[in-house]
Structures are given as C-alpha cells and as structure tokens.
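Data first, discussion second: the structure below is written as structure tokens.
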Amino acid sequence: MVLALIFLFLLSSLSLSYGYDPLDPRGNITIKWDLMQSNGGTNDIRVSLLNFQLYRHIERPGWRLGWDWIGDEVIWSMQGAEATEQGNCTRFKGGALPHCCEKTPAIVDLLPGAPYNMQTSNCCKGGVLTSMVQDLSKYVSVFQMNIGAGKDSDFAMPENFTLGIPGYSCGAAFRVAPSRYSSDGGRRWTQALETWNVTCVYSQFLSSSSPKCCVSLSAFYNSSIVPCPKCSCSCQGLPGSKCVKFGDTPPLLQQLKDPNQVQPSLVRCSQHMCPIRIHWHVKQSYKEYWRVKITVNNMNIIRNYSQWNLVALHPNFKSLTQVFSFNYQPLNQYSIINDTGMFWGIQYYNDMLLQEGKSGNVQTEMLLHKDPGMFTFREGWGFPRRILFNGDECVMPPPDHYPRLPNSGISNKLSLPAFFFSLLFLLIILC
Ligand SMILES: *[C@@H]1O[C@H](CO)[C@@H](O)[C@H](O)[C@H]1NC(C)=O
Ligand SMILES: *[C@@H]1O[C@H](CO)[C@@H](O)[C@H](O)[C@H]1NC(C)=O
Ligand SMILES: *[C@@H]1O[C@H](CO)[C@@H](O)[C@H](O)[C@H]1NC(C)=O
Ligand SMILES: *[C@@H]1O[C@H](CO)[C@@H](O)[C@H](O)[C@H]1NC(C)=O
Ligand SMILES: *[C@@H]1O[C@H](CO)[C@@H](O)[C@H](O)[C@H]1NC(C)=O
Ligand SMILES: *[C@@H]1O[C@H](CO)[C@@H](O)[C@H](O)[C@H]1NC(C)=O
Ligand SMILES: *[C@@H]1O[C@H](CO)[C@@H](O)[C@H](O)[C@H]1NC(C)=O
C-alpha cells in the first residue's frame, strides 16, 4: 500500500516535470493564427491566445509572444497589441515605415484603456489570461496585424513560437480547419482563408528548479504545529538567496528598466524561504462533520497575487459540504476518483492576496462529511495529499511528521465507525 502510494507520487511528480499534468491532462495555451485576407503582397492576420487550462492563469506583466519569420516579412500595422521593438527598417526609408521589421518580433498586449482606434475585441488586458474555471470571460486575447509578405508573395507560416512566460514551451504550427466567424446575429458564417494552431504546455520543472510554496499542518487533537520542511524553497545563507529579516524594512524597489519584466521575488526570512505558505488546520470534530481551516500566507514582500488559486487533493473532498470564504469547484468530479478541488478568492473580497504583512493572507473554513468506513483522524488521514498554489506543487512535510493522535481516548471514539465496518467485514468474510 505504502509502496503503491510512493510509486503513484513518483509517477505524478515525474509526469509533472515533463509537462503532462494528470489533474488537467488537456491543459494548454493554444495560439490560433488565422489568415483572414491575402492580397498584393500583404496579409491580414488575426492571432488569438486561448488559455485552455483549468487552474493556471497568466498574471501581469503577461504574455510576450514571439516567433521567427521564415523570410523577410515585416509587420505594417497592428491592433490590440504592439511589438516591443520596431527594429531596423532602413530598407523602407523614404516611405511609410512598418510597425516592426524584426526577424523575431516580441509582441505584448496593450494595457486596459488603450485608445479606441488601437483596440480589437478581446484585447487590451495587459497580457492577463484567466484560467477557465475562474473566469470564462477573460481567457482569450486577440490581436490583428497586417504583414508584408517575404520572398514569395504567398504567405509562409512563421516558426519557433514562444509565449515569454517561464515554464511554457510551444510546439510546431499545425494546419487545422479554418476558423469560422458568425455575423448578422448568427445567420451568416464567414471563415478564415487558412488557420494554424500552436500548442504550448506548462512544466513546473522548466519554470523554476526550486518550489514556490510549502505546507504546514496542525490539528485540534495535538498541540504541536508541523512547520514547512526546512529549506523547502531555498536555504538562508545560500549564495543568491536573499531575504528580509523580521522588523527590517525592505530595501527600496529598483525600478526595472523594462516594464515587461517580472520583479524577482523577495521574501521574509524563514526556515523554508518560500514566498507562499499554506496552513491546513484540522479545527473541529462534530458528530457528522469535521471542520478544516485553510490559511494562505504571502511571505513575498514585493508581490501581490491577483486571481490566485489553490488546488488540493483529499479523499474526503467528494463529501465536501460547505466552503465558507473561497469559491470552490471539484476538478475531476466525473471520474472515479473525485478527490481534487480548486479554491479561489471571492471577487472584491479576497481574490487579491496582498504582499507580506498584517493583511498578507487569505483564509477559509470548510465542512466535510464523515463518510462511514472511510473517515478517521488516524495516521494523518485528515491532511491533504497534495497542494498546488497557482498551478505549482507545494512542498509537504514528510508523512511521519504529521500531528499524531494521542494514544488513548479520542482516537478510539473517533474510529468507532471504522471499527464497526471492519467488524462487519470480518463477519462477512467468516460467514
Ligand atoms: C488544448 O486544449 C483544447 C481545449 O481543451 C483541446 O481541445 C486540445 O485538444 C488541446 N490540445 C492538445 C494538443 O492537447
Ligand atoms: C527555428 O529555430 C531553429 C533552432 O533554433 C533554427 O535552426 C531555425 O533557423 C529557426 N527558424 C527560423 C525561421 O529562424
Ligand atoms: C539595417 O539594415 C540594412 C539593410 O536592410 C543594413 O545595411 C544595415 O547594416 C542594418 N543596420 C544595422 C544597424 O544593423
Ligand atoms: C485549434 O485551436 C482551436 C482554438 O480556437 C481549438 O478549438 C481546436 O480544437 C484546435 N484544433 C486542433 C486540431 O487542435
Ligand atoms: C499591493 O496592493 C496594495 C493595495 O492595493 C498596494 O498598496 C501595494 O502597493 C501593492 N503592492 C505591490 C507590490 O504591487
Ligand atoms: C464530487 O465531489 C463534489 C464535492 O466536492 C460533489 O458535489 C459531487 O457530487 C461529487 N461527484 C460525484 C460523482 O461523486
Ligand atoms: C503530536 O504529534 C507529534 C508529531 O507526530 C508527536 O510527536 C506527538 O507525540 C503528538 N502529541 C501527542 C500529545 O500525542
């Protein structure tokens, strides 16, 4: 049994590092490239980025799409996004200049509130893409461009797409059935001349070699708190690991030269050195239910997490009765193992996890039904099997450190149903 569990764990961690995620097996970001018009050496292109992931989202500063042109194509104009560099356009001097002449352009989304004549529908979100479970209205980003053809006047699909977000890698472009667009209220359909898909998948291993969160545990029946494992994310004093001691004020932030770059994280000093700590507390036991409190602490001094989410695995989630202060949705409720769920903040209440400090945390309590035959407080059963924050696996304490039941009294009383069931089972076998 234990061996099987270890094997399963190894399997899941292995597969995660190669970009396959059993919790979201079809999860990907698709780049859809529609050739809308092609005439006289210029082409109209419509590019859509679709985040088909259940629980991973793209935060500010957002996506930064790149590709390699096959020939010497240039981008004459662009709506809904912009190239970060115009590049060397000297070969067009004496006339109108293109928007971008780079061989490998880098495209970023416009910010919300961009001038009306630069917008397209579904643009201008500062590069943010929400996950599909959290917000179905913002998981797509669209921009349009007019390009000058390369060597031949025919359009040639570019290569080597990148999303500009750590952890994502994109495959080759595939020709797919042309996209269709409805007009006149759905009475008429038009379609692209040609459409290609590029699929990009996430791998935590590619994103960063060290974890980004850890889990601590406690229970009402044991006064000791099991902290995050030491050096979960980094070690204090290791070269390259910086932290700010309690009581010290953080150094003034340096303005990054490039506003499209992510601020590196700067954490409050701790044994685990993680920017995010999740605490799971088994709070109370009732006759039919038990109560868990989840707290997410932000230890990052210079970062707010917007639209954060948490994925957790616990065998009792199939009987989750109530979650008080987060949104909740089971993730694979139609498969045989209904033990995974996703939590995220309630809009305008706790969907923003503020930087380290007094308000740098979000929390909820939940009620779970004690299913007879399954429920027990023994052997750490009340604790989660896995926790992911924003799609990244968190470091758990080793199972033999979990808070243990005191040896007498409460444990026997609580496992009474389990006891009866095993008795019944024995009887059935014996008869
Ligand atoms: C990407 O996600 C979409 C939507 O879930 C799915 O239809 C498609 O098959 C996925 N692509 C790959 C290559 O898995
Ligand atoms: C795409 O990348 C490969 C490998 O880096 C390179 O050999 C190839 O020339 C690139 N394609 C284009 C069109 O630049
Ligand atoms: C810009 O491109 C032209 C040819 O298109 C080339 O002659 C010139 O050297 C390039 N300039 C730089 C700075 O690369
Ligand atoms: C291509 O991408 C679109 C996203 O709009 C998706 O609906 C479609 O299933 C994809 N096709 C293939 C063959 O992956
Ligand atoms: C986080 O949000 C708070 C409140 O909106 C703001 O005062 C603070 O400057 C933000 N911090 C960062 C690092 O963006
Ligand atoms: C899966 O669990 C959820 C609660 O997390 C529950 O509402 C749902 O009915 C369960 N589905 C199945 C098929 O048991
Ligand atoms: C609480 O749990 C710890 C860690 O498993 C264990 O060492 C300790 O004996 C437990 N305390 C009691 C009172 O059972």
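Coordinate-derived values only; no laboratory data. What you see is a predicted model; the values in this text were computed from it and never measured. Note that each Cβ is placed from the backbone with ideal geometry, even for glycine, and that neighbours are counted across all protein chains shown.
Just tell me which lysines come within less than 21 Å, Cα to Cα, of Lys245; anything on the same chain fewer than 8 places away is out.
Cross-link targets: Lys212, Lys230, Lys358.
By how many degrees, between 0 and 90 and to the nearest 10, does the Cα long axis of helix 416-430 differ from the longest principal axis of the chain?
80
Identify the residues of region 21-49 with backbone N under 19 Å of a label point that sits 7 angstrom from the Cα of Asn122 along the Cα-to-Cβ direction, or state none.
Inside the label zone: 27-37, 44-49.
Convert 25 °C to kelvin, take the viscosity as 0.890 mPa s, use the Kirkwood radius over C-alpha pairs of the chain as Rh, and evaluate the Stokes-Einstein diffusion coefficient in µm²/s, rounded to a whole number.
100
Which whole-Hz couplings ³J(HN,Hα) result when phi for each residue of region 182-198 is put into the Karplus expression 6.51 cos²θ - 1.76 cosθ + 1.60, θ = phi - 60°, listed in order with x for Gly and Pro?
With the stated coefficients, region 182-198 comes to 8, 9, 6, x, x, 7, 10, 10, 10, 9, 5, 5, 8, 9, 10, 10, 10 Hz.
Running a GNM on the chain with Cα contacts under 10 Å, which residue among Tyr20, Tyr286, Tyr402 ends up with the highest mean-square fluctuation?
Of the options given, Tyr286 has the highest mean-square fluctuation.
With each pseudo-label sitting 7 Å past Cα toward Cβ, what's the Ser182-Leu111 distance in nm, one decimal?
Output for this residue pair reads 3.6 nm.
Determine which residues of region 286-313 fall in the zone a paramagnetic label at Gln236 would reach in this model, i.e. backbone nitrogen under 17 Å from the point 7 Å along Cα→Cβ.
299-301
Return the Cα extents of region 159-207 along principal axes one, two and three, sorted largest first, each rounded to a whole Å.
Rounded to whole Å, the extents work out to 47, 21, 13 Å.
In the neighborhood of Ala106, defined by Cβ-to-Cβ distances under 9 Å, what is the net charge if each Lys or Arg adds +1 and each Asp or Glu adds -1?
-1
Taking only the Cα atoms of region 161-309, how large is their convex hull per residue, in Å³?
Normalising the Cα hull of region 161-309 by residue number yields 252 Å³.
Cα axis of helix 2-17 to longest principal axis of the chain: angle in degrees, 0 to 90, nearest 10?
20
Once both labels are modelled 7 Å past Cα along the beta-carbon direction, what's the His369-Asn222 spacing in nm?
About 2.8 nm separates the two model spin labels.
How much net charge surrounds Val395 when only other residues with a Cβ under 14 Å from its Cβ are counted (Lys, Arg +1; Asp, Glu -1)?
Net charge around Val395: +3.
State log₁₀ I(q)/I(0) for region 92-152 at q = 0.12, 0.16, 0.21 Å⁻¹ as given by the Debye formula over alpha-carbon point scatterers of equal weight, solvent excluded.
-0.44, -0.69, -0.96
For region 98-118 and region 29-95, write down the distance between their C-alpha centroids in whole Å.
Using only Cα atoms, the two centres lie 8 Å from each other.
Within 13 Å, Cβ to Cβ, of Phe317, how many net charges do the neighbouring residues add up to if Lys/Arg are +1 and Asp/Glu are -1?
Neighbour charge sum, excluding Phe317 itself: +1.
With an 8 Å Cα cut-off and a minimum separation of 6 or more residues, compute the relative contact order for the chain in percent.
On the way: 985 pairs, mean separation 60.2, N = 431.
Reported relative contact order: 14 percent.
If I take R0 = 60 Å and measure r between the Cβ atoms of Asp154 and Phe205 in this structure, what FRET efficiency does the formula 1/(1 + (r/R0)^6) give, to the nearest 0.05?
0.90
Residue by residue through region 281-296, which ³J(HN,Hα) values in whole Hz follow from phi under the Karplus form 6.51 cos²θ - 1.76 cosθ + 1.60 (θ = phi - 60°), with glycine and proline marked x?
With coefficients 6.51, -1.76 and 1.60, one gets 10, 7, 8, 7, 10, 10, 5, 9, 10, 9, 10, 10, 10, 10, 10, 10 Hz.
Once you've got the GNM for the chain with C-alpha springs shorter than 10 Å, pick whichever of Gly127, Gly391, Gly380 has the biggest mean-square fluctuation.
Judging by the Gaussian network model, the answer is Gly380.
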